[in-house]
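The structure under discussion appears below in the form of structure tokens.
The values are calculated or read from the model by the stated rules, or taken from the named source; none is laboratory data. Just so we're clear, the structure is a prediction, and the values are computed from it rather than from any experiment. Neighbour counts are summed over all protein chains in view; Cβ atoms, including those assigned to glycine, are modelled from backbone coordinates with ideal geometry. Keep in mind that these areas ignore ligands, DNA and RNA; they rest on the heavy atoms of the full protein, side chains included. Shrake-Rupley method; radii C 1.70, N 1.55, O 1.52, S 1.80 Å.
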Amino acid sequence: EKNVLQIIIEDTVEQIQRKHFTIWSGVALSKIDENSKKVSDIAYRKAEAMKGKGNLLIKRFSSDGTTMVDIRNWMLRHQKKYGFKFDILILDYLDCLDSHKKTADRTEAELVIVKSFEALAVDFNIPAWTAIQTGRSGFNAEFVEAYQTGGSIKRLQKAHFFMSIAKTSAQQEANFANIRIIKAKFAKDGQTFEDCTFNNDTMEII
């Protein structure tokens with residue numbers, strides 16, 4: 001019974017809804033249209049079963065000029081208007097945001113964004129998940145290490161938990177990925193999980 005906020009910037013709400021429908025129904029994304037009645041029925045039953053047990057809200061923000069301050073203010077207004085508290089934030093994803101403090105220095109801007117993201121999580125007292133892209137050296141790598149993360153490495157220092165997902169070309173074909181726990185304040189870091197199921201069509205991560 002949790003209130004989940006999923007903020008998206010690049011995808012459309014409909015694209016993300018289809019991914020949730022895949023998870024709920026077990027029908028792959030590529031097969032949803034040809035199984036539309038089955039998927040619709042399952043999604044409707046799922047939505048009915050969720051009534052009174054929390055909310056799943058997908059909110060799209062513009063890719064042009066959105067800042068963490070915009071997101072924070074929207075969350076405050078929404079909670080006040082509808083009288084409930086968000087329990088978790090999923091932000092897709094950090095690299096799409098602009099800094100609310102105008103600066104020509106890219107590293108400084110990235111740090112402003114990640115500090116604002118952490119502050120939001122602390123002030124709302126909720127877990128908050130997001131993603132950043134790898135640098136060029138991380139493409140097609142067997143594992144992505146801390147130094148291969150895109151942008152300022154200092155962003156990693158603000159994280160309480162940081163994991164990397166890497167796929168070689170062969171793994172991409174086979175729907176596998178390697179996951180490494182680079183940093184964890186509440187668990188053992190340095191753990192490595194090879195050939196995890198990572199299927200974008202079925203939304204399975206095992």
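Surface analysis of the chain yields an accessible area of 60 Å² per residue, using protein heavy atoms and a 1.4 Å probe.
Around the Cα centre of the chain, unit charges on the Cβ atoms of Lys, Arg, Asp and Glu (plus for the first two, minus for the last two) sum to a dipole of about 880 debye. Rounded to the nearest 0.05, what FRET efficiency do His160 and Ile90 have when you use their Cβ-Cβ distance and R0 = 25 Å? E(calc), rounded to 0.05, equals 0.95. For the chain, hydrophobic long helices are taken as DSSP H runs at least 24 Å long by C-alpha position along their axis with mean Kyte-Doolittle hydropathy of 0.5 or more; these are 106-124. Ranked from largest, the principal axis spans of the Cα set of the chain equal 50, 48, 34 Å.
I need to check one value: relative contact order of the stretch 42-159, counting alpha carbon pairs closer than 8 Å and at least 6 residues apart, in percent. Walk me through the intermediate numbers first.
Working: 104 pairs, mean separation 27.7, N = 118.
Contact order relative to length: 23 percent.
Considering only Tyr93, Tyr44, Tyr147, the mean-square fluctuation computed in a Gaussian network model of the chain, springs between alpha carbons under 10 angstrom, is largest for Tyr44. Across the stretch 161-174, computed HN-Hα scalar couplings (Karplus, 6.51 cos²θ - 1.76 cosθ + 1.60, θ = phi - 60°) run 9, 9, 10, 10, 10, 10, 9, 7, 4, 5, 5, 4, 5, 8 Hz from first to last residue, x flagging Gly and Pro. The His78 and Lys19 beta-carbon pair, evaluated with R₀ = 25 Å, returns a calculated FRET efficiency of approximately 0.65. Between the listed residues Ile42, Cys96, Thr67, the Cα displaced farthest toward the positive end of the dipole of the stretch 1-116, a dipole computed from Cβ unit charges relative to the Cα centre, is found at Ile42.
Counting only other residues whose beta carbon sits under 13 Å from that of Gln79, what net charge do I get with K and R as +1, D and E as -1?
Details: positive: Lys59, Arg72, Arg77, Lys80, Lys81, Lys85; negative: Asp87, Asp123.
With Lys, Arg at +1 and Asp, Glu at -1, the neighbours total +4.
Gain on full extension, evaluated as 0.36 nm per residue between Ala184 and Ser30 minus their Cα-Cα distance, stands at 51.9 nm.
Using Cα pairs under 8 angstrom and six or more residues apart, how large is the relative contact order of the chain, in percent?
Details: 321 pairs, mean separation 38.9, N = 206.
Reported as a whole number, the value is 19 percent.
All C-alpha to C-alpha distances of the stretch 68-136, sorted into 10 Å bins beginning at zero, yield P(r) values of 19, 50, 25, 6, 0 percent in whole numbers. Kindly state, to the nearest 0.05, the FRET efficiency for Glu1 paired with Glu145, given R0 = 45 Å and r defined as their beta-carbon distance. The value I calculate is 0.70.
If the limit is 20 Å between Cα atoms, which of Lys115/Lys183; Lys2/Lys80; Lys80/Lys101; Lys38/Lys59; Lys2/Lys115 go over it?
Details: Lys115/Lys183 17 Å; Lys2/Lys80 17 Å; Lys80/Lys101 26 Å; Lys38/Lys59 26 Å; Lys2/Lys115 25 Å.
From the list (Lys115/Lys183; Lys2/Lys80; Lys80/Lys101; Lys38/Lys59; Lys2/Lys115), the Cα-Cα distance tops 20 Å for Lys80/Lys101; Lys38/Lys59; Lys2/Lys115.
Amide H to amide H, with H built 1.01 Å from N, Leu56 comes under 5 Å of Val4, counting only residues 5 or more places away or on other chains.
Distance between the 7 Å Cα→Cβ label points at Gln172 and Arg45: 3.7 nm. Under a GNM of the chain (C-alpha, springs under 10 Å), which listed residue has the highest mean-square fluctuation: Arg155, Arg136, Arg18? Its mean-square fluctuation being the largest, the pick is Arg136.
Helical content of the chain, expressed as a calculated mean residue ellipticity at 222 nm, amounts to -11000 deg cm²/dmol (DSSP H runs of 4 or more residues, -39,500 (n - 2.57) each, divided by residue number, nearest 500).
Judged by the gyration tensor of its Cα atoms, with axes a ≥ b ≥ c, the stretch 1-107 is oblate; a/c meets the 1.5 cut and b/c is at least as large as a/b. On the chain, 50 percent of the accessible area sits on carbon and sulfur atoms, based on a 1.4 Å probe.
So if I place +1 on the C-beta of Lys and Arg and -1 on the C-beta of Asp and Glu, and nothing else carries charge, what would the dipole magnitude of the stretch 37-115 be about its Cα centre? I want it in debye, nearest 20. Please list the in-between numbers first.
Working: 17 positive and 11 negative charges, 135 e Å.
Its charge dipole is roughly 640 debye.
Measuring with a 1.4 angstrom probe and ignoring ligands and nucleic acids, Leu156 comes out at about 20 Å² accessible.
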